[in-house]
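The values are calculated or read from the model by the stated rules, or taken from the named source; none is laboratory data. Just so we're clear, the structure is a prediction, and the values are computed from it rather than from any experiment. Here the Cβ positions follow ideal geometry from the backbone for every residue, glycine too, while neighbour counts run over all protein chains shown.
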Amino acid sequence: MQWMTHPFVRTFFRFVYTILVVAAFTLVLWIFRDYLSNQVIALLFMLPVLVSTRLWGLAPGILSALLSFLTFNYFFTIPYFTLMVHQTQDFLSLIVFLIISVVVSQLLGQDQESIAAATAREREATRLYELSIALAGLMNDQDILQILAEKICETFYAEKVAVDLHDGLEAVTFGCLPKKIPLDKNRKPDQVFPLSTVRGQLGSVNLWRAGGRFSKSEERLLNTFTSQGALAIERARLIKTENRATVLEESDELKTSLLNSVSHELRSPLATIKASISSLRSGMVDWDSEARQELMTGIEEETDHLNQLVGNLLDMSRIETGALNPQRKWNSLSEIVGGVLKRMHQDVQKHRIVVDIPAEIPPVPVDYIQMQQVFTNLISNSVKYAPPETEIFITARLQNDQMLLVQVSNEGPHVTEGDLGRIFDKFYRVTAAEKITGTGLGLSVCKGIIEAHGGKIWAENAPGRFIFNFTLPVTWEGMYPQIPEEA
């Protein structure tokens, strides 16, 4: 039954329906002719003209006007059943009737065409809006092609839509076919539309439709659809390219910052170690002299500095790759702090360290080595920025049954509010950063370790002091430490 949808067949049936409508009106008026005057009958013959024009367009309306003129003359003017007119008045009436009928059909037809054009434009705008909304935000070529194929199927009632994307060796095809409509696999597409942009053709849209070729308005809308799809693909690829460029730029900046910072930090320790070892090997320093002890102490301190630097770099790389997995065990916080202070005795000798960790603080589930790194970095930062002969406080308090609050405070300068939230970023340094050595990695490592333990770290200014705060959970998988009872 595909021939029923052919444009010529549809036009033929419109004229047939027009003839039937005029015939039906003529029959009804013939039945009631004795009760109606010719003026009333002429007015009533305008109804089939209006109906035909309203339902089937301008051409059927004009045909209805001509048929109404002929039937009115043939059946309702004297002499009946002939097209001859004897009276001048009847002739003028017929001419006026014909003119009015044609004019009315033309005016109504133009209005119908205007309404149809407005409706078509509204439909096109709605479909384009729906397509734009569906394509917005899509970043994958396959998703874009799938949406494009589905929208074309819905809009143009196609049997099948296949969108081919040609990109080097890549060819992706999507199609949608109503399940109840069989389609010959060997049948070629009825029409092919290019999927192209100003950069060239990206692919093609193949359509199968039983109704034959598309009208000009449908072709215009379909070309707009394909243009929108091609632009969406190009936009997604440009965004991906921009993202890759941004990542490469950030990676290059990170590498540059890392090299600048590490090279600066490595230069001084290596120079000190090299000079000390050269002096010791020269034989000019007595092995039992005080100078020898100073050189050995310098080598030890700078080696510790290098070890801390390398440790921070390794920890930061583990944090960045998500490989920082704490090996938790129940450890005493006071033992961790004590071990750190013992190892850093040379660094903190110019400051007074005050440790206030109550004996009732229970063991905490932490990685011993990583927590030592946290305290080492926080104490080292306090030593760098706090004036000599000032106090550095290390305190711990239970906030509740779930969290432990630890504070490392010093009498160093305050940090501006704008910098408080950024001092834990990589390579970010404030307050006399040009005068004090450091890579800006220590606090970033502390943040990564604390967050890996399920805690939180932040900094704040206090009257006369600067405080580092961090929290640690006191439970592990919902369990508290098993503390043996005293006998």
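List the residue pairs whose Cβ atoms are under 7 Å apart, where the first residue sits in the stretch 231-250 and is of a type in the set (G, A, S), the second is assigned to a helix (DSSP H, G or I) and surrounded by 10 or more Cβ atoms within 10 Å (Cβ to Cβ), and the two are 6 or more positions apart or on different chains.
Partner pairs satisfying both residue conditions: A232/L135; A232/I144; A236/D141; A236/I144.
Residue by residue through the stretch 192-203, note down the ones that are buried (at least 18 other Cβ atoms within 10 Å of the Cβ) and within 18 Å of K151 (Cα to Cα). So that I can check it myself, show each step before the final result.
First pass over the stretch 192-203, keeping only residues buried (at least 18 other Cβ atoms within 10 Å of the Cβ): 193, 195, 202-203.
F193, L195, G203 - these are the residues of the stretch 192-203 that are buried (at least 18 other Cβ atoms within 10 Å of the Cβ) and within 18 Å of K151 (Cα to Cα).
Provide a single number: the residues in the stretch 349-361 that are closer than 21 Å to T475 by Cα, surrounded by fewer than 18 Cβ atoms within 10 Å (Cβ to Cβ) and at pLDDT 90 or above. First the steps, then the outcome.
Residues of the stretch 349-361 closer than 21 Å to T475 by Cα: 357-361.
Okay, now just the ones that are also surrounded by fewer than 18 Cβ atoms within 10 Å (Cβ to Cβ), so 358-361.
Subset that is at pLDDT 90 or above: 358.
Residues that pass the stated criteria total 1.
Per-residue answers, yes or no, for (1) closer than 24 Å to E302 by Cβ; (2) at pLDDT below 80:
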{"residue": "A386", "(1), (2)": "yes, no"}
{"residue": "D401", "(1), (2)": "no, yes"}
{"residue": "Q407", "(1), (2)": "no, no"}
{"residue": "I423", "(1), (2)": "no, no"}
{"residue": "G438", "(1), (2)": "yes, yes"}
{"residue": "I449", "(1), (2)": "no, no"}
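When the residues of the stretch 265-312 are filtered to those that are modelled with pLDDT of 70 or more and among the small types (G, A, S), which remaining residue is farthest from N377 (Cα to Cα)?
S282
How about the stretch 1-103: which helices (runs of 4 or more DSSP H) wholly inside it have at least 3 residues that are at pLDDT 80 or above and more than 19 Å from E113 (Cα to Cα)?
Working: elements: 7-31, 38-44, 46-56, 58-76.
Fully inside the stretch 1-103 and qualifying: 7-31, 58-76.
Within the stretch 461-481, how many residues turn out to be touching a helix residue (DSSP H, G or I) at 6+ places or on another chain (Cβ under 9 Å) and surrounded by 15 or more Cβ atoms within 10 Å (Cβ to Cβ)?
We begin by selecting, within the stretch 461-481, every residue touching a helix residue (DSSP H, G or I) at 6+ places or on another chain (Cβ under 9 Å); these are 461, 466, 468, 470-472.
Now drop any that are not surrounded by 15 or more Cβ atoms within 10 Å (Cβ to Cβ), which leaves 466, 468, 470-472.
Residues meeting the conditions: 5.
Hey, can you tell me all the residues within the stretch 217-245 that are at pLDDT below 80 and exposed (fewer than 13 other Cβ atoms within 10 Å of the Cβ)?
The answer is none; no residue qualifies.
Would you be able to tell me the number of residues in the stretch 450-476 that are of a type in the set (D, E) and assigned to a strand (DSSP E or B)?
Kept after step one, since they are of a type in the set (D, E), are these residues of the stretch 450-476: 451, 460.
Checking which are assigned to a strand (DSSP E or B) leaves us with 460.
Count: 1.
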